[in-house]
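The values are calculated or read from the model by the stated rules, or taken from the named source; none is laboratory data. It should be emphasised that the depicted structure is a prediction, and the values quoted were computed from it without experimental measurement. Positions of Cβ are generated from backbone atoms using ideal geometry, with glycine treated the same way; all protein chains shown enter the neighbour counts. To get the accessible areas, we keep the full protein, side chains included, count just its heavy atoms, and leave off ligands, DNA and RNA. Shrake-Rupley method; radii C 1.70, N 1.55, O 1.52, S 1.80 Å.
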Amino acid sequence: MSTEQSISALPPNHRLFDGSVPKPWVESLEQYQELYKESIEQPETFFSRMALKHISWSRPFTRVKQGSFEAGDVAWFADGELNITYNCVDRWAYADPDRIAFIYEADEPGQGDKWTYRRLLQEVCRVSNVLASFGLRKGDTVAIYMPMIPEAAVAMLACARLGLVHTVVFAGFSAHSLAERVQDAASRVIITADEGLRGGRVIRTKAIVDEALATCPTVERVLVFRRTGNEIPFNPSRDVWWHEATAKHRPYCPPVPVSAEDPLFLLYTSGSTGKPKGVLHTSGGYLLGASMTVKYTFDVHDGDIFCCTADIGWITGHTYVVYGPLSLGSTSVIFESIPTYPNPSRYWKLVEDYKITQFYTAPTAIRALRRQGDSWVDSCDLSSLRIIGSVGEPINPEAWNWYYKKIGREHCVVVDTYWQTETGSHVITPIPGAIPTKPGSATLPFFGIDAVILDPVTGEELKGNDVSGVLAIRSLWPSMARTIAGDHKRFLDTYLRPYPGYYFAGDGASRDKDGYYWIRGRVDDVINVSGHRMSTAEVESALILHPQVAESAVVGAPDEITGQAICAFVTLKDEVVNDNINAELVALVRKEIGPIATPKHLIVVNELPKTRSGKIIRRILRKVVAGEADQLGDLSTLSDPTILDILIKKVEVSI
Ligand code: 6R9
């Protein structure tokens, strides 16, 4: 067992019980244990109660849960009907129209504005009417490719209001990646902006859409929000300005009730093979997971100001910028910029300016800001904070402790939340006030999650504490993904068939002596760069497009700031000297996938380590880039061991 296992649990934080803030929803470890036990032993009673408490149903459900992992036919509240936007917007707009739904902090500090629930409802309705006027009907797919502005959330909610399926594509993706996703989802409409702004730099959003559309025959209309107002390419027979179209419609549109099992969105994520997967989430179960986790993990109460810094292009933005906070009628901050613009105080200034109570970000940002020095933090008043969260990758104890001490001032609770695009909402996470934390551990499972550790080889459950293996979930939970769009077999093969009877998460994990979970990272060919999942196969496919590349192999190298960095090995077809090859390959990957896939290290080698049957042994490359060349393990399958010395030397001089 590693050393962090011996760190003892901290006592529940005093700030939550000092009378100055609302008492936490779950007040003690015993209360958590009691609720957790009920959620596992009587899931129907537990989740029926939760679904009635948190969601407004236009037709009540009579069935709670059905299906199994074996059959791959999981469904929750299947005969119930609801509308997501009604739940997230209308009910608060009617009860308290002036309540703030979104605080928009634009790229330039101090710009941006506040959106009341009334304004949000009106704008969502106008956009819904525009989409309906395009002839879109329930079940059609709409792609959203937008900067982090409130209108991106409006676009999502406008789709949900009509029962349309949205697929948000992160606006840092290339035209090629956007086209791939739009084609796979057969989107009929794209909602975008003229341009984006990030850290003072202009992103030519619409121009990228135009490039993508050259290969997307299903797209009939492009709705364009004017963000910067600069001159952009515009095709009047296809493109429609948001401000012109919305002005033609009334600010009300009736919400369309959908089945709890109707799709709400597709979100593409990287898998072990090259092609991204369109993970499909449905309406009822997803909303319940989003709502319950915002409430319990972040202990959100009326009047709280919730800030999640994730882009809406990722699942974290879907669940914790848009659906979760709005489903509770909270105020959610939409942050368009980057943490270091104009200086590394930006996040902390945001907390001070808006009196943020819950702040949620990624370890990579925490590590990068820690490196900038404490003065950027010390100058800000962070006294409004109660809960500070981390997501996306394991957080190392040094970063955890800095976050706890400097940002949380030792009186906030740090919640290290483990979950995935596929799980929809948190699955292993502390619950403030109830579950004592340990730096580096995501602690205990959320309600309804029967987490287990399996022996990766035999698939047997490792019972008891002090065990290591792969993480799996034995119970069905409401917000789990239902399928991969157009490829249910891949869904079954990836998550449900590797260990029959379990959901397989793809992460290694251990359970320590206190029953706490420690996530160890991916056990498949996915690398995690700054909390973003990258498929090694996808990067390899991009590299191979270069006419001089014979073969490529991509692995994750440990990185102090980004967690892992992309390390690409290539062999070339001939001996032609091309001094520019590294730069050309990096540019190619950026063009094919987007800047987030930029390889940090690019190493041209004569040979890659292979088995006798010709398979590249990535395990060896991983060890070598991690500086563990002395622990290569069993090399009996390596066809030509003489290549190792050269490989190791090459890596030493390159990294
Ligand atoms: C929410 C999100 C999922 C993968 C997941 C795991 C890693 C996420 C983590 C974490 C350790 C945490 N991951 N949270 N690892 N501790 N608190 O990030 O979704 O983009 O689908 O990534 O991220 O490896 O399997 P997604």
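Residues in region 417-458 that are open to solvent by 10 Å² or more (accessible area, probe 1.4 Å), outside any loop (DSSP other than H, G, I, E, B) and touching a Ser or Thr at 6+ places or on another chain (Cβ under 6 Å): 421 alone.
Filtered by the rule that a residue be open to solvent by 60 Å² or more (accessible area, probe 1.4 Å) and of a type outside the set (D, E, K, R), region 79-116 gives 86, 94, 95, 109, 110, 111.
Yes or no: region 143-157 includes at least one residue that is in a helix (DSSP H, G or I), open to solvent by 10 Å² or more (accessible area, probe 1.4 Å) and at negative phi.
yes
Residues that are over 20 Å from residue 652 (Cα atoms), of a type outside the set (Asp, Glu), assigned to a helix (DSSP H, G or I) and touching a helix residue (DSSP H, G or I) at 6+ places or on another chain (Cβ under 7 Å) occur in region 594-610; there is at least one.
The set of residues in region 14-37 that are farther than 10 Å from residue 433 by Cβ, at pLDDT below 90 and charged (D, E, K, R) contains only 18. Taking the listed residues 408, 448, the one that is more than 16 Å from the ligand (Cβ to nearest atom) and touching a Pro at 6+ places or on another chain (Cβ under 7 Å) is 448, with no other qualifying. Counting only helices (runs of 4 or more DSSP H) that sit completely within region 342-391, those holding 1 or more residues that are open to solvent by less than 30 Å² (accessible area, probe 1.4 Å) and of a type outside the set (A, V, I, L, M, F, W, C) correspond to 346-354, 363-371.
Does residue 474 satisfy the criteria of being among the charged types (D, E, K, R) and either in contact with a His (Cβ under 9 Å, 6 or more places away or on another chain) or at pLDDT 95 or above (or both)? Judged against the criteria, residue 474 is a match. Among the residues of region 216-233, those identified as in a loop (DSSP other than H, G, I, E, B), within 30 Å of residue 108 (Cβ to Cβ) and touching a Lys or Arg at 6+ places or on another chain (Cβ under 8 Å) are 232, 233. Within region 202-211, identify whether any single residue is in a strand (DSSP E or B) and free of Cβ contacts under 8 Å to residues at least 24 places away in the same chain, and answer yes or no. Scanning region 202-211, I find no residue that is in a strand (DSSP E or B) and free of Cβ contacts under 8 Å to residues at least 24 places away in the same chain, so the answer is no. Residues of region 291-329 that are within 12 Å of the ligand (Cβ to nearest atom) and either outside any helix (DSSP H, G or I) or of a type in the set (A, V, I, L, M, F, W, C) (or both): 308, 310, 311, 313, 314, 315. Screening region 439-484 for residues that are of a type in the set (A, V, I, L, M) and touching a helix residue (DSSP H, G or I) at 6+ places or on another chain (Cβ under 9 Å) and picking the one that is nearest to residue 63 (Cα to Cα) gives 476.
Taken together, 161, 137 contain a single residue that is of a type in the set (Lys, Arg), closer than 25 Å to residue 261 by Cα and open to solvent by less than 10 Å² (accessible area, probe 1.4 Å), which is 161. Which of the residues that make up region 465-490 are within 16 Å of residue 36 (Cα to Cα) and of a type in the set (A, V, I, L, M)? Hits for region 465-490 are 473, 476.
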